[in-house]
Protein chains: 2
Amino acid sequence: MAVVLSVDAMGGDHGVNVTVPACIRFLKEHLDVSLILVGDRDTIYKHIGDNLSLYSDRIDVVHSTEVVGMDESPQAAMRNKKDSSMRVAINLIKQGKAGAVVSAGNTGALMAIARYVLRTMDGIERPAIAKILPAIKSDVCVLDLGANLESSPEHLLQFGIMGAQLMKAVTGKAAPSVGILNIGSEDIKGHEEIKKASALLKTSGLNFYGNVEGDDINKGTVDVIVCDGFTGNVALKTIEGVARMIGFFIRQEFNRSILAKIMGLISLPVLKRVKNTLDHRKYNGAVLLGLNGLVIKSHGGADAVGFYYALKQAYHEINAGVITMLQDYLVKHKEILNREEPRKELLEFKDLNML
Amino acid sequence: MAVVLSVDAMGGDHGVNVTVPACIRFLKEHLDVSLILVGDRDTIYKHIGDNLSLYSDRIDVVHSTEVVGMDESPQAAMRNKKDSSMRVAINLIKQGKAGAVVSAGNTGALMAIARYVLRTMDGIERPAIAKILPAIKSDVCVLDLGANLESSPEHLLQFGIMGAQLMKAVTGKAAPSVGILNIGSEDIKGHEEIKKASALLKTSGLNFYGNVEGDDINKGTVDVIVCDGFTGNVALKTIEGVARMIGFFIRQEFNRSILAKIMGLISLPVLKRVKNTLDHRKYNGAVLLGLNGLVIKSHGGADAVGFYYALKQAYHEINAGVITMLQDYLVKHKEILNREEPRKELLEFKDLNML
């Protein structure tokens, strides 16, 4: 069965300059994929150029007249730009015309619009942003990365369920292990919220590992790490910063002298392999989990390689059946989520402003 | 003038096996230093061995009968172990016999005892744990790293003052820049507490930069980054984890084949220089800032090289006059800290349990 992806072609810092080349490469390498590119028709066709003849049967362009600005407030984007490339691309999911949407646009607007159009899954109060990161043992899924400023114990439990189902679908592991990000391994450590969340996770039926610490992220101690969006966002960006610093010092040392440069040239194949293993572009693409539809957020500054990998992630997650797997799980495990509080919270713009 | 350091010789995962060799090396390389080693006299002398004859005029051993366990609760350590090596070593500061204490022992106990013995500085409500980390631009001081689970805007302001004075003393910069760790650069981002803290920092007279994000830590965007202890602790450990993962993948790739091994051997001098630049042992030693005395916490698992650098940090910070500089600043800038709430909060063991 053909996989259809809806692409917000105008989103991101570089718009069509990045999205279109990435789409062309993706079509070339994935013969069972059709893409719907949403945005200004003329601009998109211009960038597709001669490739159109090669992929005309698997490429579709849907015109839209507006673009959500990268710094635009989610409120404004949602209320005033009903014909934005982002919104029209999301609508295609809702209409069943595509299996996932990929956007490099404004995260807050993407979350607000996707939540409004697709609605939150039954049993989930707050969607979360999840990302799969490299680790020594095996990849790790961390959530929330910034959709929620604060997270209640119930939210953290829901993040655990969502992360575990995502990793189950993607890796095939029967029972992915779930840890909660804390500042010590002992049960007595951390905030009250974390202690309560741990108690919920323990009896959730998930493969709950317990507390993990910051260095467990890239160690790969567990398959899924749950945390509030503030902490997760800081940890994610900290990882980017450390990797950049180490890369900087490696380059600096190999440029220090002619001899060092020669050594660098000799070991280049190996250094390139290391770089390739850890290439952040290969891990580009966060999932907005908890919505009735697959929404993939590419890094706003991603290049064509990065955006290609965001498309690839969407493709894999459609094939893995992430959304139906999670929906089914939530229906079957209703009792875990049974609580007196209302199931679905209202969209809170104050949270989305942080994205 | 001779510098005197008080050393908790029994503290840390490896006790005297690490502390004594580090002390011997330190005495050898710093001729103006005297050390007071606190702990079991016989054990310490046994480990000093023949070196005693070389340094007998600059080495002193103070006997104590107890040791604080690495997992012991701060309460128990403080109430029941009045003759622990940690406590006796701290007492030497209070008595004016040493300019700083260095311990690799239990962080929570160290904070509890140091706070009880030395008291918090006037104007400071909560001491913080600060660490100087490597960054692309220049070293950065991050605090709090785990002394406080949550931090009020006033606490964050105080952290900013403490961090700036520390960096001023250590680097000689006239007005170190101060950033607040957040999840976006715009003023509207983040918790209410952070917004309030930003407002306080803006009018504090400090060189306030504004919001910084996780990746600014190792970029070195600012000289000082303030955050609550939970976030700081997660960020610090995340940094350790990323560095370890990258080291792991570099070793793995250079061990993949005989050719790769040869390439690794050829570029070894450069790789070693990179490793040396970023050697976490050279950055070992966190400062418990805000106490009337200089307390340096070495990583519990540090080896002799790491502990040596913790001693070196203590030595530099004594010479830089960190404590008096900060005390003077607080007296001169009383008005910034003038608030209705009580100046000094009670010691809260619930917070120390997290350390």
> Quick check: is even one residue across region B:190-203 within 23 Å of residue B:287 (Cα to Cα), within 8 Å of another protein chain (Cβ to nearest Cβ), in contact (Cβ under 8 Å) with a residue 40 or more places away in the chain and not aromatic (Phe, Trp, Tyr)?
Replying inline: no
>> Return the residues of region A:66-83 that are touching a residue at least 24 places away in the same chain (Cβ under 8 Å) and surrounded by 15 or more Cβ atoms within 10 Å (Cβ to Cβ); say none if nothing qualifies.
In response: A:67, A:68, A:70, A:72, A:73, A:74, A:75, A:77, A:78
> Can you name the number of the only condition in (1) in contact with a Ser or Thr (Cβ under 7 Å, 6 or more places away or on another chain); (2) farther than 21 Å from residue B:171 by Cβ that residue B:285 fails?
Replying inline: (2)
> If only one of B:270, B:305, B:331, B:242 is assigned to a helix (DSSP H, G or I) and under 27 Å from residue A:191 (Cβ atoms), which one is it?
Replying inline: B:242
> Taking residue B:54, is it assigned to a helix (DSSP H, G or I), free of Cβ contacts under 8 Å to residues at least 60 places away in the same chain and surrounded by fewer than 21 Cβ atoms within 10 Å (Cβ to Cβ)?
Replying inline: yes
> Taking residue B:235, is it of a type in the set (Gly, Ala, Ser) and not in a helix (DSSP H, G or I)?
Replying inline: no
>> Please pick out the residue among A:299, A:333 that is touching a residue at least 24 places away in the same chain (Cβ under 8 Å) and within 13 Å of the chain's Cα centre (by Cα).
In response: A:299
>> Quick test for you: out of A:253, A:317, pick the one residue that is among the acidic types (Asp, Glu) and either out of contact with any strand residue (DSSP E or B) (no Cβ under 7 Å at 6 or more places or on another chain) or within 22 Å of residue B:274 (Cα to Cα) (or both).
In response: A:253
> Here are B:225, B:262: which of them is part of a helix (DSSP H, G or I) and more than 7 Å from every other protein chain (Cβ to nearest Cβ)?
Replying inline: B:262
>> Here is a list: A:159, A:208. Which entry is under 28 Å from residue B:147 (Cβ atoms) and either surrounded by fewer than 24 Cβ atoms within 10 Å (Cβ to Cβ) or away from every other protein chain (no Cβ under 13 Å) (or both)?
In response: A:159
> Of all the residues that make up region A:245-259, how many are touching a helix residue (DSSP H, G or I) at 6+ places or on another chain (Cβ under 7 Å) and within 7 Å of chain B (Cβ to nearest Cβ)?
Replying inline: 5
>> Going residue by residue through region A:272-280, is there one that turns out to be within 9 Å of chain B (Cβ to nearest Cβ), without any contact (Cβ under 8 Å) to a residue 60 or more places away in the chain, surrounded by 22 or more Cβ atoms within 10 Å (Cβ to Cβ) and under 22 Å from residue B:277 (Cβ atoms)?
In response: no
> Going by the conditions given, is residue B:291 facing chain A (nearest Cβ under 7 Å) and not β-branched (Val, Ile, Thr)?
Replying inline: no
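Where a number appears in this text, it was derived from the coordinates with a stated rule and is not lab data. As the structure is a computational prediction, the values presented were derived from the model and not from experiment. Don't worry about glycine lacking a Cβ; one is built from the backbone with ideal geometry, like all the others, and counts go over all protein chains shown.
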